[in-house]
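This report concerns only the one structure given below.
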Amino acid sequence: MKKKIVLQNPHRRQSGLEEPGEIIKIRLFLKRHINVIIMIFVIVIALLYLYPKALIEEEFFKFEKKAARTTLSNVYEIVQMFDRALVAHKESSLQAKKKELKNVVMMAESYINNMEENSGSTSDAKNKTKILETMSSFRFGNSDYIFILDNNSVMLSHPDKQLVGTNFLNKTDVTGNPLVPPAVVEAVSRDGEGYHTYKWKRFRSDNESMDNSNPLDKLTYFKYLPKQNWIIATGVYMDDMEKAESAMKNVAIENLRQILRGVKIAKTGYVFIFSAKTDNTPSILLVHPDKGMENTKMERYIEPVTKKSLYEELTAIADKQDNLRYKWDKPEDLKNYVYSKIAWVTYYKPLGWYIGASIYVDELRSSSHNLIYNMLRIISFALVALIVIAYRLYKPFLIVISKVKEHISVLQTKNHTLDAELKIKDAAEKKHAAELQAAYDKLKALDERKTVFLSNVSHEIRTPLTSVLGFAERIKEYFEETVLPHVKIKDEKVERAVDHIKENIDTIISEGERLTSLIVDVLDMAKMEAGKIDWKKENINVKSLLERAAEVTALPEQRKNDLNIVIENENNIPDTIGDFYRLLQVVLNLISNALKFSTDGDITLKAACSHSGKQLTISVSDHGIGIPKSKLNIVFEKFEQIGDVHSDRPTGAGLGLQICKEIVKHHGGRIWVESIEGKGSTFFFTLPVIRADHD
């Protein structure tokens with residue numbers, strides 16, 4: 001006989017309770033005591049939240065202040081490395097310029113000796129007159145020239161004819177110092193050569209006279225010619241070298257801007273740098289997250305409340321524990337100067353730069369919510385404790401209620417079995433999906449951390465590496481010009497040691513340049529993955545693009561072999577819009593690979609336009625070793641290398657083709673390769689034709 005199961009209303013009287021009055025008593029008791037518990041809980045929250053709130057904000061402000069000063073200290077070290085690199089480059093440039101002056105004089109000396117040897121029947125007096133006239137017309141560099149003195153410092157040859165015959169031993173420059181001081185004459189007589197710096201007006205080649213502008217510092221190299229009893233000299237104006245240094249400094253500052261724009265304090269705080277004001281130059285804002293404010297004068301920024309110059313207020317707190325509080329606007333609320341900001345400043349004396357950090361005060365307050373969150377965790381713990389206490393107080397009543405629930409659950413079990421199974425299955429699927437998502441998120445986070453790590457390490461390596469290269473080149477120069485001439489190479493052991501030293505120095509320079517190239521690739525890849533590349537939009541003539549690439553790779557320092565680079569373009573190739581130098585980077589990279597893996601045949605550059613006129617196709621072909629079929633699908637992947645048949649040493653970081661792929665992809669094109677192993681490869685990439693009148 002089957003038993004019929006009937007579900008009753010759970011609010012109806014159950015067998016566990018004999019009298020309805022007991023349930024009423026339980027409900028009244030629970031209601032009264034639960035209200036007490038809730039009231040106690042509210043009081044505890046109020047005490048734990050309101051009392052320490054001000055203390056939390058104060059402590060958090062101290063923490064952010066310390067973080068800001070730590071950031072300033074780190075930026076100070078970055079600027080210090082930047083300065084050291086500039087100093088090393090300046091010293092290297094000076095030594096190179098001295099070497100150039102020396103080579104010019106040596107060339108002139110060789111010319112003088114050849115003219116005397118080939119003078120024939122010409123008298124010595126006429127031959128010397130011809131030599132002196134020829135030397136006075138010689139020019140190089142920026143209208144630089146050669147002049148000749150006799151052993152009594154009387155001018156024999158000079159582009160300015162008015163100076164010929166003048167005794168320069170008693171002649172002074174605008175500062176009152178001798179143009180040819182006795183110390184220079186003594187050094188030339190003793191050592192046969194020497195350098196000297198003095199004030200001199202620039203020579204104008206257009207009218208064969210001296211410029212009327214103010215005299216400039218001039219570095220001059222003197223050499224004594226014993227056969228002719230002459231002192232021959234040439235020089236270069238320091239102003240020309242300073243212009244080159246200034247251009248290099250501007251490039252370095254732009255690199256520094258790229259680094260510091262990514263430095264954040266809290267959420268919107270940032271680092272800025274401005275130069276010190278002097279009697280002759282104003283203070284300039286050099287680095288700021290807002291590019292429109294860079295290279296502007298600091299005197300234009302006035303604190304809206306005090307009406308004082310921000311330059312004066314910021315420099316007043318430099319290298320002090322004090323901070324500056326002032327009113328400013330926000331990017332989303334421009335020209336509404338009602339928001340409080342706080343700033344700290346330190347001073348870097350060698351460059352005359354002030355390094356500052358700034359943050360909005362209300363952001364500091366809002367960030368204290370992290371600490372309040374920890375406080376709420378304490379409140380939650382108190383709630384759990386209260387629940388445990390309540391459970392112990394009402395345990396007898398819960399036992400009675402549990403018996404009622406037990407009867408109901410027995411009746412409900414069979415009806416909900418199928419539903420439970422479905423829920424278990426659904427839960428398992430959700431758990432599996434959650435595990436997959438967690439694994440994906442973890443891999444993505446690791447990849448991002450890897451990219452940031454590579455970028456940071458590359459930045460840290462690049463600056464000291466520049467110094468290493470500079471000093472290696474100086475060591476090579478000193479060794480070959482100063483040390484080697486005094487070494488007796490008659491001993492076979494000494495000769496081998498000299499050869500080893502030369503090879504080792506060349507290896508240091510070669511490997512340093514290769515490592516610099518690898519670091520540039522890593523930084524480019526990191527910027528692309530982080531979306532921090534500043535892409536330009538400009539008109540691009542494809543013919544000019546390929547010609548420029550061929551010119552660069554034709555330079556001796558860019559070539560390791562004598563392969564020819566041939567350009568074959570179709571007629572009427574249209575222009576397009578894009579980033580010229582990034583696309584040039586793609587073509588140079590493909591040409592570099594072609595040169596690297598080819599020993600004969602031409603490297604061919606081609607450009608063609610589709611029949612529809614909507615797409616350009618550019619290709620780079622070689623007759624090299626080719627690419628195995630197994631590698632064709634992975635050559636554009638990160639850290640993949642084809643290999644070098646001539647050497648077991650890796651030739652790169654495996655990032656060049658990946659960078660090419662990202663650049664082409666950004667321009668709306670695609671890149672691929674066709675290759676026959678042992679016969680050569682052809683790399684293709686496409687670009688859409690974009691007219692100048694389109695965005």
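Projected area of segment 185-331, taken from the Cα convex hull and averaged over every viewing direction, in nm²? Kindly include the intermediate steps, with their values, before the conclusion.
On the way: hull surface 62.9 nm².
That works out to 15.7 nm², a quarter of the Cα hull's surface.
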Once the whole set of protein chains is in place, how much accessible area is left on R548, using a 1.4 Å probe, in Å² to the nearest 10? 90 Å²
Give, in nm to one decimal, the length gained when the segment between A608 and N142 is fully stretched (0.36 nm per residue of separation minus the Cα-Cα distance). 163.5 nm
Please report Rg over Rh for segment 140-268, where both radii come from the alpha carbon positions and Rh follows the Kirkwood definition. 1.21
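To the nearest 0.05, what FRET efficiency results for T268 and M248 with a Förster distance of 45 Å applied to their C-beta separation? Mind dumping the intermediate values first?
On the way: r = 33 Å, r/R0 = 0.73.
FRET efficiency, T268 to M248: 0.85.
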Just the accessible area for Y76, please: 1.4 Å probe, Å², rounded to the nearest 10? 70 Å²
How large are Rg and Dmax for segment 76-222 when calculated on the C-alpha trace, in angstrom? 18.2, 71
Enumerate by residue number the GluC sites (Glu not before Pro) in segment 306-369 meeting two conditions: DSSP loop (anything except H, G, I, E, B), and at most 13 other Cβ atoms within 10 Å of the site's Cβ. E332
Surrounding net charge for T346, when Lys and Arg each add one and Asp and Glu each subtract one, Cβ distance under 13 Å: 0
Below 8 Å, C-alpha to C-alpha, sequence gap of six or more: please give me the relative contact order for segment 232-325 in percent. 13 percent
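The values are calculated or read from the model by the stated rules, or taken from the named source; none is laboratory data. Remember, it's a predicted structure, so these values are computed and weren't measured experimentally. Note that each Cβ is placed from the backbone with ideal geometry, even for glycine, and that neighbours are counted across all protein chains shown. Surface accessibility is based on the protein's heavy atoms, side chains included, excluding ligands, DNA and RNA. Shrake-Rupley method; radii C 1.70, N 1.55, O 1.52, S 1.80 Å.
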